[in-house]
1. Sequence-distant or interchain residues sharing an amide H contact under 5 Å with residue 544, placed H: which?
2. Counting other C-beta atoms within 10 Å, and keeping those with at most 10, which DSSP coil chymotrypsin sites (Phe, Trp or Tyr not before Pro) do you find in region 211-281?
3. Once phi is turned into θ = phi - 60°, what whole-Hz ³J(HN,Hα) does the Karplus curve with 6.51, -1.76 and 1.60 give for every residue of region 273-286, x standing for Gly and Pro?
4. Among 404, 33, which comes first, second and so on when ranked by fewest other beta-carbon atoms within 10 Å?
5. Quick one: dipole size for the chain, taken about the Cα centre, charges +1 on Lys/Arg Cβ and -1 on Asp/Glu Cβ, in debye to the nearest 20.
6. Please rank 48, 471, 420, fewest neighbouring Cβ atoms within 10 Å first, as an exposure proxy.
7. Give the peptides 26-32, 76-82 in descending order of average Cβ contacts within 10 Å, highest first.
8. Among (1) 1.04; (2) 0.96; (3) 1.46, find the value of Cα Rg over 2.2 N^0.38 Å that was calculated from the structure presented, and write down its label.
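Every read-out reported here was derived from the displayed coordinates using simple, explicitly stated rules and does not represent laboratory data. Just so we're clear, the structure is a prediction, and the values are computed from it rather than from any experiment. Glycine also receives a Cβ, built like all others from the backbone with ideal geometry; neighbour counts cover every protein chain displayed.
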Amino acid sequence: MRSGKIRITRLLRPYRAALAAAFAAVLAESVTDLLEPWPLKLVFDYVFGSKRMPGWLSGVVGRVAGFDKASVLNFAAASVVIIAALGAVATYAEKYLTTSVGQRVMHDLRLTLYNHIQRLSLSFFSEQKTGDLMVRMTSDIDAVQDFVSSALLGAVVNCLTLLGMLGVMLYLDWRFTLISLSVAPALFLVVYSFTRRIKRAARAVKRKEGEIASVVQESLSAVRLIKAFAREDYESSRLDEKSLESVELALLARGVKAKLTPFVELIVAAGTCLVLWYGSRLVLAGQISPGALLIFILYLGKMYKPMRDLSKMSDAASKAAVGFERIREVLETESQVRDLRGARRAPRFVGRVEFERVGFDYGTGRPVLRDVSLAVEPGEFVALVGPTGSGKSTLLSLIPRFYDPTSGRVLIDGWDVRSFKLKSLRDQISYVLQESYLFRASIWENIAYGRPGATRREIVGAARLANAHEFIERLPEGYDTVIGERGETLSGGQRQRISIARAVIRDTPILLLDEPSSGLDAASEELVFEALGRLMEGKTAVVIAHRLATVMRASRIYAVEGGRIVESGTHEELRARGGLYSRLYEIQFGAQGQAEAGHVDDE
């Protein structure tokens with residue numbers, strides 16, 4: 001069964017044994033609830049009163065305690081303790097087992113959701129708010145876990161208790177029972193009506209919680225920008241607005257829930273009033289004993305208690321239902337890029353990359369790439385240049401299948417990349433991004449992220465090739481130094497060199513670089529260029545760069561504009577042609593930079 005078609009029964013299936021044991025405890029708990037009022041009946045009817053016990057009951061009490069009233073009293077008192085002890089054991093077993101199952105279901109559901117999210121296409125993340133996904137991963141799953149732990153078998157307990165007591169009450173006096181049940185239709189109608197309203201309110205609250213989490217996540221991610229522009233007050237007001245909206249929705253939801261309990265209590269009071277009035281008249285008429293009325297009143301209270309509990313459970317059930325709906329929305333989202341039927345494991349690539357009349361749009365109907373055709377030979381260093389928004393990064397992202405083309409084909413070694421299993425395809429491609437993302441972990445763990453099985457010696461070797469070893473050795477704990485989130489404790493050049501080391505250690509035949517030297521100072525850029533030169537040796541390398549000094553040594557340069565390849569050639573050929581590349585060159589270097597650029601060309 002696919003994760004998108006997940007059901008609560010599927011989540012509970014692995015824990016059948018624990019649930020069966022919990023169900024047995026539930027039955028025992030229900031039996032003790034049914035037995036609890038009977039010792040009082042023994043005392044009122046056979047100790048205080050003069051009524052004779054039935055033969056079977058007299059025999060049981062006589063054999064255990066004796067036949068006199070004091071013995072009956074002792075038997076009743078001991079029964080109270082025994083019934084309470086059995087009920088306590090059953091309740092503990094039921095709570096422990098259901099809590100255990102609830103925790104494990106929460107773990108399974110969170111893992112299922114996380115694994116599914118990890119495998120969704122990049123287009124999904126461009127349309128979703130990160131904060132809202134975090135709420136689904138945490139709060140929504142917690143709501144499902146609370147329902148499984150406290151409400152699922154709790155509802156079973158209440159239903160079984162209700163049925164058991166109803167059977168006993170019908171046995172005692174069916175007319176009495178019908179009177180007590182006369183308020184049940186009104187009670188269930190009220191609960192049903194309020195449950196629907198509570199669910200709508202819970203859905204609105206959850207949606208607003210997701211918006212709040214998104215605001216917080218955005219603010220924390222952009223904290224440097226916020227401080228740079230002194231926008232702390234604006235961000236506080238933005239959160240204040242969302243938080244106040246959440247408070248209003250929560251109060252509205254609480255108001256709906258708060259009205260339910262008084263309605264239920266009034267209906268229950270009406271039922272109790274009817275039974276007390278009718279039962280007292282029967283006692284005065286001598287038709288039933290005071291003990292029978294007492295046990296009926298106690299049973300009535302116990303019968304109404306499950307009704308009350310079921311009404312209170314509507315809140316937990318509504319939250320769980322809304323949470324599960326939100327989780328399933330994500331699980332039922334199909335990845336636009338996935339292994340196709342018949343996809344095979346990719347062989348070791350030689351490294352020839354080809355675009356064959358490729359077109360692409362992001363689902364908006366506005367083409368980003370138009371009829372792009374180009375080829376990169378094995379071991380060749382090719383560069384893509386062009387103005388911002390021309391489609392260079394999109395072109396690069398089609399090679400590892402972050403997206404699939406809407407027309408045409410992307411080929412590696414003559415095979416359509418869609419014919420390979422995704423993991424085996426991406427395992428043979430290294431990516432160095434413009435923004436070097438590092439995890440809050442040690443330096444060696446960040447480098448080994450490219451190949452988790454790498455030895456410490458291989459990690460140090462990769463760092464040396466990336467010109468990172470020297471600065472790493474100077475850190476307080478060397479390769480064991482834990483860096484800040486997103487590598488904030490390192491400079492831009494240091495972060496980029498660790499990213500290059502991460503790509504080096506993968507040792508893949510295809511290398512993709514998206515603005516690898518953007519934002520670096522001259523000294524850092526020189527070290528990064530030197531490291532990139534080592535990294536690209538013997539590999540098929542496709543580089544995107546706005547800084548043309550990065551691409552001058554490329555064997556072929558493709559100039560991209562408006563989603564099309566408008567020209568291609570070497571640096572010298574394109575300079576002489578006077579087209580887009582030449583214009584970009586003039587803008588960057590100008591007359592004053594000619595000598596410096598010429599020196600770079602001569603090296």
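1. 384, 513, 514, 515
2. Loop-located and lightly packed - 229.
3. Couplings: 4, 4, 5, 4, 5, 5, x, 4, 4, 5, 5, 4, 7, x Hz.
4. Going from least to most buried by this count: 404, 33.
5. That gives the chain a dipole magnitude of about 3060 debye.
6. 48, 471, 420
7. Values: 26-32: 20.3, 76-82: 14.9.
Top to bottom by mean Cβ count within 10 Å: 26-32, 76-82.
8. Checked against the structure: label (3).
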